[in-house]
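S.K.: Questions regarding the structure given below will be posed in turn.
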Amino acid sequence: MVSTAGQRPASRDDGRPRPPGAANGHSDLSQRGFPPLADSRLRPRQPVVILAGGLGSGKTELAINLCLRLRATGDRVRIADLDIVKPFNRCREARELLADAGVELIAPPGEQFFSDLPVILPEIRGMIREAGAGEPEEMTAEPGAGIVVLDVGGDAAGARVLASLAGAFRPDGYEFLLVLNTSRPFTTDLAGLSKMCDEVRAAAGLVPTGLIANTHLMDETDVETVLGGYRAVSELARTAGLPVRMVACDERLAPALPPSSFDCPVLALTRVLGLPETRGARKSPLTYV
Amino acid sequence: MKGAEAIGEAAIRAGASAYFCYPITPQTEVAEYLAKRMPQVGGVFLQGESEVAVANMLFGAAATGKRVFTSTSSPGFSLMAEAMSYIAGAELPVVFINVMRCGPGLGGVLAAQGDYWQATRNSGHGDYRCPVLAPCSVQEAAELTVQAFDLAEKYRNPVILLADGMIGQMMEPVSLDSLTPGVPSEKPWATTGCRGRDPNIIKSLYLDPHVLEKMNLRLSAKYRRMVDEEVQVELYNQRDRLDLLVVAYGTMARICKTAIDILGEEGLHLALVRPISLFPFPAAAVHAAARHATRVVTVELSQGQMVEDVDLALRELGPSEFFGRSGGVVPTPDEVAGAFRRLAKGACQ
Amino acid sequence: MSSVTIDQQICKGCELCCKACPQGVLAPSKRINPKGYYPAEVADGSRCIACRLCAVVCPDVAIQIHVHGVSYDFFRF
Amino acid sequence: MTATQTLYSRPEALRRVPTHYCPGCTHGTAHRLIAEVIDALGIRERTVGIAPVGCAVLAYNYFNCDFLEAAHGRAPAFATGVKRVRPDLIVFTYQGDGDLASIGMGEIVHAANRGEKFTVIFINNAIYGMTGGQMAPTTLPGQITTTCPDGRDVRQVGYPIRMSELLATLRTPAYVARGSLHEPGRILEAKRFIEKAFRYQVEDRCFALVELLSTCPTNWAMPPDVACKWLADNMIPYYPLGELKLPEESVTS
């Protein structure tokens, strides 16, 4: 009565090569630490960085990585969890990891931490305004400056939250980066990417300032996946008149990428949120403080 | 793909031509995905005024012989129970996807497995059963969605896909090309206008108690056939001698596998039986595996529901130990491994 | 010349037709039928003017109306 | 013309079987009018009817077309399901006042508001018939039922709901009319309303609802002819007859 479905090998026994530790989810991310940003081109050009894009494009993993790397470089980093779309895989789930590293997380307090209510804390508006008050060069040119990262929910639905914060952003005082994964449904070709870009722009009421190519297929990502994604995003960049700010990819794959392939820097990502069975960022059941 | 999207796309591959829904966290992504996709494939997408209405729309649409489905989460699933009874009674094929959240009452939006009883016994009134399939990965969610449509048609019965928020939100690569839906069968019973035949009437009311009992006996034979033919189970790490046998399904089974691996490195032999079909429950597989184990533990994201089926399956070997968290608290692999370690070592003493 | 027939299997004896007939053609039967009630029956068929009002009010569709020979359709509805 | 001619006989869309309705109950009249309209429009072989919970639950035994049996109040949701996946079929629901105006209030309002292109026949006899004469949402002020033995007290349970008026307020184009089945002239008028309601669907125009004031001699505790008079004297003043909404008149912008 054991079906064929049941005889499929369990996911970890499928023979694919995996880095040590991660295979059993044994890596302790807080002990391991995150390295400072080596390539200065990865540094934000403005004190406020908005990360938006399609649902499941990898915004949150990217936001957490960027924050931890900037923190390691010496910046004061604050990250606002603005995901009002879904109650799973939000950056608040890396609360312990961020706190250990000294990154300030702004997420709803108390039991609202767990809700899917559209809770936009009033201090977020203040934080954006305050961060944008100084001269941009002073703020971001050197490590030690204050940086605010806004991790926005997916698709146009998630980007609407930005429209509600209109007025807080100083013109030219923010970077609005679209994270694009061209292996996701609806964004596999130029038409889909353009549509996503337009919808997010319309919903946010802000004009994007750059693109991030983050094409991946989780553990099945290979070099060609990343290169193909970069090509598609570059095509969009030409049509939309926007720069590709960076390519992001899993740290395990980054060394294999030919450096000459890109006109932009590469951000190597450490998988943080992971799956429920991994022993990564989650040291205990999710709690708030 | 995310689990929610994979379910939606798999349903389209399975030939679903209509999807009715009412938004509820944590599965609204299915609706949002299909709002875009159904029009592209010429299918029907409709957001109804309530889960009550949605489930009854499914009755009407299924009565025409089309493949139809919905997705919801626990409180919405309760509201659909009325129509499920009628759909089971009228013998219509409909797929219900329940992405469970916490309860009771409004509960919370995080992952839980508290609707096991509701799904595997029956959600509504009367003497009926539905096949219940519980995926533990995005790929499996897609495959079981396709299977659900085929099963619904095979038995002319509602079929439930029971997942939790973790499965719905999890992103994993999916191969949709491997999905092989069965060919939709002829449906001479469908209400499509009586041209060239006598009128078809789809109903579940039989006033004569003897006629009604006969119908119930016929349905009950159908449910027994499901028990004989539709059991699905995954066995993980089976050995001849086990320190502990674990029974878990869905997301909880994934966490248990990591815990089993952790203890394996410590020299403890643990195995997992993961029911894929919750009804019919893989009782024989549980019993067979348990004969090699000194102890059995059932692990759930609830305070203990499936454990009753495990106890029934264990018969003379039972009862099972139980470990569960609820309220949306998902235990870490280390926490689960700790519980297993205590049970396994306790068993050795 | 017209005639009214009442299907005794279908009629339930509600008498709405008897009340509706402007000519007094129909009346309740004086004999109880095998089902235990008094169905409507044609008391004086010669007075029928084929107005069809009996059929219009009959909730049980028990009435048929036929016209023999030349008929003038005075009641068009 | 010299041959024998049949001036009136049973429509094809109605089977020749005795109904279970009480003597003088106007459900039968409503069934006949619908069947005549189905015949007149030549749509019997592509019609799907939806029976309610209530006295008319067995309607599928009487009509000669495909039929579904709905859960209490949910017939408009059933009809939505059928019509959305098979717009070529002609779909009608047949619902009583408890079914449509009480437990099924949500379904009917939203189906009408979405402009679902099916036809609703709403039988209003101001009482729950099947369950034995309890108060309905349409029971008249002061009217005695088993659950308001001293007469409906509007201070306790509010006034009867005028469903047709309520639905006619919706912005979505629709056809809404109220007829009555208590006398020949009104029955013929009701048939015109029903025919119009089905024709709008055949032409794929709009949602259509015809409310039919009906009698319940048994639960009203009066003989059929007295019930017809009671309807005329008591119901019509509260539930005025006529067409309440035409799709042509609706504001569509």
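S.K.: Kindly indicate the residue of the stretch A:190-206 that is within 14 Å of chain B (Cβ to nearest Cβ) and open to solvent by 30 Å² or more (accessible area, probe 1.4 Å) and also farthest from the chain's Cα centre (by Cα) among those meeting that condition. Give the steps one after another, and end with the answer.
M.R.: Filtering the stretch A:190-206 for residues within 14 Å of chain B (Cβ to nearest Cβ) gives A:191-192, A:195-196, A:199, A:203.
From what's left, open to solvent by 30 Å² or more (accessible area, probe 1.4 Å): A:191, A:195, A:199.
Working: A:191: 23, A:195: 20, A:199: 19 Å.
Among them, the one singled out is A:191.
Residue by residue, here is whether (1) within 14 Å of another protein chain (Cβ to nearest Cβ); (2) farther than 22 Å from residue A:197 by Cβ; (3) in contact with a strand residue (DSSP E or B) (Cβ under 8 Å, 6 or more places away or on another chain) holds:
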| position | (1), (2), (3) |
| --- | --- |
| A:211 | no, no, yes |
| A:214 | yes, no, yes |
| A:220 | yes, yes, no |
| A:231 | no, no, no |
| A:234 | no, no, yes |
| A:239 | no, no, no |
| A:242 | no, no, yes |
| A:247 | no, no, yes |
| A:253 | no, yes, no |
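S.K.: Right, next: Please specify each residue of the stretch D:114-162 satisfying the condition of being among the hydrophobic types (A, V, I, L, M, F, W, C) and without any contact (Cβ under 8 Å) to a residue 12 or more places away in the chain.
M.R.: To start, the set of residues in the stretch D:114-162 that are among the hydrophobic types (A, V, I, L, M, F, W, C) comprises D:118, D:120-123, D:126-127, D:130, D:135-136, D:140, D:144, D:148, D:154, D:157, D:161.
If the condition is that a residue be among the hydrophobic types (A, V, I, L, M, F, W, C) and without any contact (Cβ under 8 Å) to a residue 12 or more places away in the chain, then D:144 is the only one that fits.
S.K.: Now a separate question. Please verify whether residue B:44 is surrounded by 24 or more Cβ atoms within 10 Å (Cβ to Cβ), β-branched (Val, Ile, Thr) and in contact with a strand residue (DSSP E or B) (Cβ under 7 Å, 6 or more places away or on another chain), treating the condition exactly as stated. Can you show your working first?
M.R.: Values: surrounded by 24 or more Cβ atoms within 10 Å (Cβ to Cβ): no; β-branched (Val, Ile, Thr): yes; in contact with a strand residue (DSSP E or B) (Cβ under 7 Å, 6 or more places away or on another chain): yes.
So residue B:44 does not fit the description; no.
S.K.: For the stretch B:183-229, how many residues meet the condition of being outside any loop (DSSP other than H, G, I, E, B) and not basic (Lys, Arg)? Lay out the reasoning, then the answer.
M.R.: Taking the stretch B:183-229 and keeping what is outside any loop (DSSP other than H, G, I, E, B), we get B:201-202, B:209-229.
Okay, now just the ones that are also not basic (Lys, Arg), so B:201-202, B:209-213, B:215-217, B:219-221, B:223, B:226-229.
Of the residues in that region, 18 qualify.
S.K.: For residue A:209, state whether it is open to solvent by 30 Å² or more (accessible area, probe 1.4 Å) and modelled with pLDDT under 95.
M.R.: Numbers: open to solvent by 30 Å² or more (accessible area, probe 1.4 Å): yes; modelled with pLDDT under 95: no.
No: the conditions fail for residue A:209.
S.K.: Let me ask you something else. Looking only at residues that are assigned to a loop (DSSP other than H, G, I, E, B) and open to solvent by 30 Å² or more (accessible area, probe 1.4 Å) in the stretch C:32-47, which one is nearest to the other protein chains (Cβ to nearest Cβ)?
M.R.: Initial filter on the stretch C:32-47 (assigned to a loop (DSSP other than H, G, I, E, B)): C:32-39, C:43-44.
From the residues that got through so far, the ones that are open to solvent by 30 Å² or more (accessible area, probe 1.4 Å) too are C:32, C:34-38, C:43-44.
On the way: C:32: 14, C:34: 13, C:35: 9, C:36: 11, C:37: 7, C:38: 10, C:43: 17, C:44: 18 Å.
That would be C:37.
S.K.: Also, quick follow-up: Would you check if residue B:173 is over 28 Å from residue D:59 (Cβ atoms), within 14 Å of chain D (Cβ to nearest Cβ) and either part of a helix (DSSP H, G or I) or not aromatic (Phe, Trp, Tyr) (or both)?
M.R.: Values: over 28 Å from residue D:59 (Cβ atoms): yes; within 14 Å of chain D (Cβ to nearest Cβ): no; either part of a helix (DSSP H, G or I) or not aromatic (Phe, Trp, Tyr) (or both): yes.
Here the answer is no, as residue B:173 does not meet what is asked.
S.K.: Then there is this: Does residue B:29 meet the test of being part of a loop (DSSP other than H, G, I, E, B) and acidic (Asp, Glu)? If you could, list the steps in order and put the result at the bottom.
M.R.: On the way: part of a loop (DSSP other than H, G, I, E, B): no; acidic (Asp, Glu): yes.
Taking the combined requirement at face value, the residue does not satisfy it.
S.K.: Here's a follow-up. Going residue by residue through the stretch B:91-100, is there one that turns out to be open to solvent by 10 Å² or more (accessible area, probe 1.4 Å) and outside any loop (DSSP other than H, G, I, E, B)?
M.R.: no
S.K.: How about the stretch D:22-76: which of its residues are touching a residue at least 60 places away in the same chain (Cβ under 8 Å), over 16 Å from the mean Cα position of the chain (by Cα) and open to solvent by less than 30 Å² (accessible area, probe 1.4 Å)?
M.R.: D:24, D:43
S.K.: Residue B:145 - would you say it is among the β-branched types (Val, Ile, Thr) and touching a residue at least 40 places away in the same chain (Cβ under 8 Å)?
M.R.: Working: among the β-branched types (Val, Ile, Thr): yes; touching a residue at least 40 places away in the same chain (Cβ under 8 Å): yes.
Yes: the conditions hold for residue B:145.
S.K.: Identify the single condition in (1) of a type in the set (Phe, Trp, Tyr); (2) without any contact (Cβ under 8 Å) to a residue 24 or more places away in the chain; (3) under 25 Å from residue B:249 (Cα atoms) that residue B:155 does not satisfy, given that it satisfies every other one.
M.R.: Failing condition for residue B:155: (2).
S.K.: Just to verify a result, which residue in the stretch C:1-31, among those that are at the interface with chain D (Cβ under 7 Å from one of its Cβ atoms) and open to solvent by 30 Å² or more (accessible area, probe 1.4 Å), is nearest to residue D:9 (Cα to Cα)?
M.R.: Among them, the one singled out is C:9.
S.K.: Step by step: first the residues of the stretch A:102-114, then only those that are more than 17 Å from the chain's Cα centre (by Cα) and surrounded by 16 or more Cβ atoms within 10 Å (Cβ to Cβ), then the one that is farthest from residue A:165 (Cα to Cα). Which residue is that?
M.R.: Ranking the candidates gives A:114 first.
S.K.: Can you find, within the stretch D:117-144, the residue that is farthest from residue D:211 (Cα to Cα) among those that are touching a Ser or Thr at 6+ places or on another chain (Cβ under 7 Å) and open to solvent by 10 Å² or more (accessible area, probe 1.4 Å)?
M.R.: Across the stretch D:117-144, the extreme among qualifying residues is D:132.
S.K.: While we're looking at this one, here's another question. Do you know which residues across the stretch B:101-150 are part of a loop (DSSP other than H, G, I, E, B) and acidic (Asp, Glu)? Can you show your working first?
M.R.: Narrowing the stretch B:101-150 to residues part of a loop (DSSP other than H, G, I, E, B): B:102-110, B:112-115, B:121-131, B:134-137.
Within the stretch B:101-150, B:115, B:127 qualify.
S.K.: Also, I was wondering about something else. Scan the stretch D:122-137 and tell me whether some residue there is hydroxyl-bearing (Ser, Thr, Tyr) and closer than 19 Å to residue D:168 by Cα. So that I can check it myself, show each step before the final result.
M.R.: In the first step, residues of the stretch D:122-137 are kept if they are hydroxyl-bearing (Ser, Thr, Tyr); the result is D:128, D:131.
Checking which are closer than 19 Å to residue D:168 by Cα leaves us with none.
Scanning the stretch D:122-137, I find no residue that is hydroxyl-bearing (Ser, Thr, Tyr) and closer than 19 Å to residue D:168 by Cα, so the answer is no.
S.K.: For the stretch A:69-101, which positions are assigned to a helix (DSSP H, G or I) and either open to solvent by 30 Å² or more (accessible area, probe 1.4 Å) or not hydrophobic (A, V, I, L, M, F, W, C) (or both)? Quick ask: steps written out before the conclusion?
M.R.: Filtering the stretch A:69-101 for residues assigned to a helix (DSSP H, G or I) gives A:69-73, A:91-101.
Scanning the stretch A:69-101 gives A:69, A:71, A:72, A:73, A:92, A:93, A:95, A:96, A:99, A:100, A:101.
S.K.: Applying the selection to the stretch A:185-199, what residues are under 20 Å from residue B:171 (Cβ atoms) and in a helix (DSSP H, G or I)?
M.R.: A:192, A:193, A:196
S.K.: Related question: If you take just the strands (runs of 3 or more DSSP E) that sit entirely in the stretch B:230-332, which of them hold at least 2 residues that are open to solvent by 10 Å² or more (accessible area, probe 1.4 Å)?
M.R.: It comes to B:233-236, B:321-324.
S.K.: Please verify whether the stretch B:266-276 includes one or more residues that are at pLDDT 95 or above, in the same structural domain as residue B:160 (by TED's automatic domain parsing) and among the acidic types (Asp, Glu).
M.R.: no
S.K.: Next question, about the same structure. I'd like the full set of residues that are at the interface with chain D (Cβ under 7 Å from one of its Cβ atoms) and part of a helix (DSSP H, G or I), limited to the stretch C:49-70.
M.R.: C:53, C:55, C:56, C:57
S.K.: Considering only residues that are more than 13 Å from every other protein chain (Cβ to nearest Cβ) and not in a helix (DSSP H, G or I), look in the stretch D:96-120 and name the one that is farthest from residue B:190 (Cα to Cα).
M.R.: Step one: list which residues in the stretch D:96-120 are more than 13 Å from every other protein chain (Cβ to nearest Cβ), which gives D:96-98, D:100-102, D:117, D:119-120.
Retained after the next criterion (residues that are not in a helix (DSSP H, G or I)): D:96, D:117, D:119-120.
Working: D:96: 26, D:117: 20, D:119: 20, D:120: 22 Å.
In this case the residue turns out to be D:96.
S.K.: Would you check if residue B:54 is surrounded by fewer than 21 Cβ atoms within 10 Å (Cβ to Cβ), within 14 Å of chain D (Cβ to nearest Cβ) and in contact (Cβ under 8 Å) with a residue 12 or more places away in the chain?
M.R.: On the way: surrounded by fewer than 21 Cβ atoms within 10 Å (Cβ to Cβ): no; within 14 Å of chain D (Cβ to nearest Cβ): yes; in contact (Cβ under 8 Å) with a residue 12 or more places away in the chain: yes.
No, not satisfied.
S.K.: With the requirement that a residue be in contact with a Lys or Arg (Cβ under 8 Å, 6 or more places away or on another chain), surrounded by fewer than 16 Cβ atoms within 10 Å (Cβ to Cβ) and at the interface with chain C (Cβ under 8 Å from one of its Cβ atoms), what does the stretch D:1-17 give you? Reasoning before the result, please.
M.R.: Let us first name the residues in the stretch D:1-17 that are in contact with a Lys or Arg (Cβ under 8 Å, 6 or more places away or on another chain), namely D:7-8, D:10-14, D:16.
So of that shortlist, the ones also surrounded by fewer than 16 Cβ atoms within 10 Å (Cβ to Cβ) come out as D:12, D:16.
D:16 - this is the single residue of the stretch D:1-17 that is in contact with a Lys or Arg (Cβ under 8 Å, 6 or more places away or on another chain), surrounded by fewer than 16 Cβ atoms within 10 Å (Cβ to Cβ) and at the interface with chain C (Cβ under 8 Å from one of its Cβ atoms).
S.K.: Checking the conditions here, which among D:149, D:223, D:217, D:237 is crowded, with 18+ Cβ neighbours inside 10 Å and more than 17 Å from the chain's Cα centre (by Cα)? Break it down stepwise before answering.
M.R.: On the way: D:149 fails: crowded, with 18+ Cβ neighbours inside 10 Å; D:223 fails: crowded, with 18+ Cβ neighbours inside 10 Å; D:237 fails: crowded, with 18+ Cβ neighbours inside 10 Å.
After applying the criteria, what remains is D:217.
S.K.: Out of the stretch A:160-189, which residues are closer than 20 Å to residue A:243 by Cα, within 14 Å of chain B (Cβ to nearest Cβ) and crowded, with 23+ Cβ neighbours inside 10 Å?
M.R.: If the condition is that a residue be closer than 20 Å to residue A:243 by Cα, within 14 Å of chain B (Cβ to nearest Cβ) and crowded, with 23+ Cβ neighbours inside 10 Å, then A:179, A:181, A:182, A:187 are the ones that fit.
The values are calculated or read from the model by the stated rules, or taken from the named source; none is laboratory data. Here the structure is a predicted model, which means the values were calculated and not measured. A quick note on method: Cβ atoms are made from the backbone with ideal geometry, for glycine too, and the neighbour counts reach across all protein chains shown. Note: accessible area is taken over every heavy atom of the protein model, side chains too, but ligands, DNA and RNA are not part of it. Shrake-Rupley method; radii C 1.70, N 1.55, O 1.52, S 1.80 Å.
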